[in-house]
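Worksheet: the structure to be examined is printed underneath.
The numbers here are math on the coordinates, done by the rules we state, and not lab data. These numbers were taken from a predicted model, which means no experiment stands behind them. Positions of Cβ are generated from backbone atoms using ideal geometry, with glycine treated the same way; all protein chains shown enter the neighbour counts.
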Amino acid sequence: MTGPDAPLAPILETAGLTKRFPGVLALDEVAFSLRPGEAHALVGENGAGKSTLIKVLTGVYRPDAGSLLFQGAPLRPATPLDAQRAGISTIYQEVNLVPLMSVARNLYLGREPKNRLGLIDFGRMHAEAERTLREYGVSVDVRAPLRTLGLGAQQMVALARAVDVDARVVIMDEPTSSLEPREVETLFGVIGRLRERGIAIVYVSHRLDELYRVCDRVTVLRDGRVVHTGALAELPRLRLVALMLGREVEQVRREGLTRFSGERTASADEPVLVAEDLRVRHLVDGVTLRIRPGEIVGLGGLLGAGRTETAKAIAGALPLDGGRVSVAGVPLRRRSTAAAIRGGISLLPEDRKAEGIVPGLSVRDNIALAALPRLSRFGLVSERRVDRVVATFMERLRIKAAGPHQPVGELSGGNQQKVLLARWLALHPKVLLLDEPTRGVDVGAKAEVQRLIDELAADGLGVLLISSDLEELIEGSERVVVLKDGAVVGELVGEDVTEDALLAAIADAAGPDGTAPVPAAPGGEAGSG
Amino acid sequence: MARTPVTAAAVDVSRGGAAPAGASGAERISALAQRHGALVVLVAVVLVTSLSFDTFFTGYNLNRLAVNAAFLAIVALGMTFVIITGGIDLSVGSVFALGGVLAAWASQYGTLPALLVPVAAAGAIGLANGLLVARTRLAPFIVTLASMLGARGLMLAVSGEGNETYLVPQGSAFLELAQGGLFGIGYPVYLTLALFGLGGLLLRRTGFGQSVYAVGGNEDAAALMGVRVARTKLTVYLMSGLLAGFAGALNAAYLGSGVTILGFAMELDAIAAVVIGGTLLTGGLGYVSGSLVGVLLLKVIQNVINLIGSLSSSYQQVVSGLFLIAVVVAQTYLSRRRRIG
Ligand SMILES: Nc1ncnc2c1ncn2[C@@H]1O[C@H](COP(=O)(O)OP(=O)(O)OP(=O)(O)O)[C@@H](O)[C@H]1O
Ligand SMILES: [Mg+2]
């Protein structure tokens, strides 16, 4: 009775919702309406106001003007707790849990099962937590601190927490940005079940194919204003992108959605990066990689295959148990991130919140942080040069901020990612290790990032690209090295870098016709030739 | 684009989305070291001391040591809650002294006023700390530094610039509360154990306790998860103030007078005890039982130095200081190891 096509009264409706931050109008008279049982896509460029709308709906921010109707009655949540009590449950953009507390305690924080004396019943809590999480494909020790879980599993805990309460509306702000394909499937299953129960979903994502798979309707935000709302199936992809970016459909078609030129030819020079027989206990098992100047090498594999760990090991962020790394023929002697940076290796880390961004510092300082030695003379920083570099990157990456002096913590999620990317690009490295470079970045900027990577490669930079976005991996790399359980199990070159070949290589660690599967020899000399 | 289902079928399910194996073993060991390290050291010190001095492990000495430790322990209990939320309370030493002077002054009107007056005054200071920290988002360090000065001034005013010493009337029930005992163990020891029992229950087994950990672990996330952050902070500072005032009153009864120089730098001892007991100074992780062990360790070291006799008691501070450094270095080492694992 709660099918999406039944003309139902909206469960959640806003009118004239406005929210102003110093220097930006984040929401401008937003009218948004959500029907019971529907999955509603909320899309827009980085900084368009999606997360702000969600935060206003759930009592994190107070709106400056406008009204909110929930189940036909006005609602003015003053805190997230009010919104939760009313029946609006939310997964916020970044994984927002408490890392030091146990998995179970995170799941039940604020609604712990109690015994007759009113004390928390940990036995029941752990049993229930285990059962609940198993439904989401997460089988872990629920007594262990949340921190010990991978990002994807943490995101599943957040999902379980949001869905487990008795909600009428579940809001998901980029829930899949740190999920593996299998986890994405689990999420979609959960969404299906919720909708059968008449629960409405608000779904934010920059991955368009996901939107077309799960959502019925769409609302497009641009610069804080609603520019379109309607059925999603009737809206062609190009038109959707054009609406988001505020461009003509024709222009979008001409420019294409991915900007890797695919016409680069790596020089036959000596490799700029040689990593030989890298070993990190339990994580990396004898990985050998060679990257030539101008080459983009993709690293494929599943969660736990050791992609992130390999990148970290190369960049000196993980202690090596064995192996050598050299840049342009010069071996790195000291194993530390500082030595790696000096040697010319930059790593864009996967977890920007924990390992990258300094939220209290300005956009300018965040970008200049690592490049300061390069931008200074005799230990003195040249402010003019810093300003110039910062201005260039803010423009090229279309970083949306009130100005270079705005604290990065105030930027939208995608713009934070761009700042981080700018930091490592500003270093002018010889080797760039990119771990999920376009996570949470909108389609327009994604193309810009890809073009930038392309340009840098043409200048002789060697790039190692890790991405769970297969399309990006395939279009971006001329060679993909496939990892499994921390070891190299295959390699695809040139023409053979196709989606099918890659999936097959990942699946059974043996390439289809035309590829040369490399056996995972115990000695670990598998790798490029 | 229907590529996702294909991938899903191809996934190796056994990995379960958790961190790689092998991390959990090291994790468990470092968690154990964090939690019980102080206890192991305490047992070792007590063993060695008992074997070296036959005057140490006697009922008389142990009871005196325990009663002596009780006052600091009560203060450290409140401090534990504050530190787990990621805060700090520098005012407890002054509040302790103020509580003592007020108790001694009020004891002329009976036992009940002798307990209520200091506790009420301390509660008011704790409440002010809590309100300022929770509502204005001022740094706890600054707020409680100010109230530390304020409380000390108040105490000097009450005691006529420290010239007036109030005596607790001989034979009063108030005096008996701190000086009496049962089965050869002083009442303050029972009181302290009861308070720690309650504190432990509150921290580990109630929703409030969970919110204390959550606020210290990740304040923003806690707020998004519906934790009442401001109320939680207010409560811990209020508790800390109340406990410090009560400990001061009990101490005045024990000494028979309100001594104005007491409580000086006591906040530092309390913080040291809490940290030695395994509570993270950055918040989010900690145990009341650890703080009790931390207090005992500090007091036993003091006792040992007294027993040696030839060493000046100043060395007690040197030893405590070295100990603290060792613990903090170990903590940093352990947490860094864990982050990498
Ligand atoms: N706390 C804040 N203080 C100041 N400005 C803010 C704050 N939060 C958001 N903004 C600004 O409001 C605008 C909208 O941000 P919002 O986070 O809603 O974008 P978004 O659509 O979620 O983008 P993304 O796709 O990158 O997550 C941005 O320009 C951002 O800089
Ligand atoms: Mg956002």
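Springs join every pair of Cα atoms under 10 Å in this Gaussian network model of chain B, and among B:ARG137, B:ARG152, B:ARG204 the largest mean-square fluctuation is at B:ARG137. Taking Cα atoms of the protein assembly as shown, Rg/Rh with Kirkwood Rh, to two decimals? Reported Rg/Rh (Cα atoms, Kirkwood Rh): 1.02. Across chain B, the relative contact order, built from alpha-carbon pairs under 8 Å that are at least six residues apart, equals 31 percent. With neighbours defined as other Cβ atoms within 10 Å of a residue's Cβ, the residues A:GLU383, A:GLU38, A:GLU234 order from fewest to most as A:GLU234, A:GLU383, A:GLU38. Bridging of A:LYS400 to lysines at a Cα separation below 16 Å is possible for A:LYS50, A:LYS418, A:LYS446, once same-chain residues fewer than 8 apart are set aside. Distances between placed amide hydrogens fall under 5 Å for A:ASP442 paired with A:ASN46, all partners being 5 or more residues away or on another chain. Relative to a virtual label point 7 Å from the Cα of B:LEU307 in the Cα→beta-carbon direction, which members of segment B:66-95 show backbone nitrogen distances below 17 Å? Answer for this model: B:66-69.
Amide H to amide H, with H built 1.01 Å from N, A:LEU433 comes under 5 Å of A:SER346, A:LEU347, A:LEU348, A:LEU464, counting only residues 5 or more places away or on other chains. For chain B, the longest principal axis of the alpha carbon atoms and the long axis of helix B:92-106 meet at an angle near 30°.
Computed from the C-beta positions of A:LEU69 and A:ASP164 and an R0 of 25 Å, the FRET efficiency is 0.45 to the nearest 0.05.
Taking square-rooted eigenvalues a ≥ b ≥ c of the alpha carbon gyration tensor, is segment A:99-157 rounded, prolate or oblate, where a/c under 1.5 means rounded and, failing that, a/b exceeding b/c means prolate? It comes out prolate by the Cα gyration axes.
The angle between the Cα long axis of helix B:207-217 and the longest principal axis of the Cα atoms of chain B comes to about 70 degrees, rounded to the nearest 10. In this calculation the C-beta distance from B:LEU131 to B:PHE208 is compared with R0 = 22 Å, giving a FRET efficiency of 0.75.
Report the relative contact order of chain A, percent, no decimals, based on alpha-carbon pairs under 8 angstrom and at least 6 residues apart. About 15 percent, as a whole number. Classify segment B:34-340 as rounded, prolate or oblate from the Cα gyration tensor: take a ≥ b ≥ c as the square roots of its eigenvalues, call it rounded if a/c is under 1.5, otherwise prolate when a/b beats b/c and oblate if not. It is oblate, given that a/c is not under 1.5 and a/b is not larger than b/c.
Measuring r between the beta carbons of A:ARG111 and A:ARG197 and using R0 = 22 Å, the FRET efficiency lands at 0.70.
Ranking of B:THR192, B:THR85 by neighbouring Cβ atoms within 10 Å, starting from the fewest: B:THR192, B:THR85.
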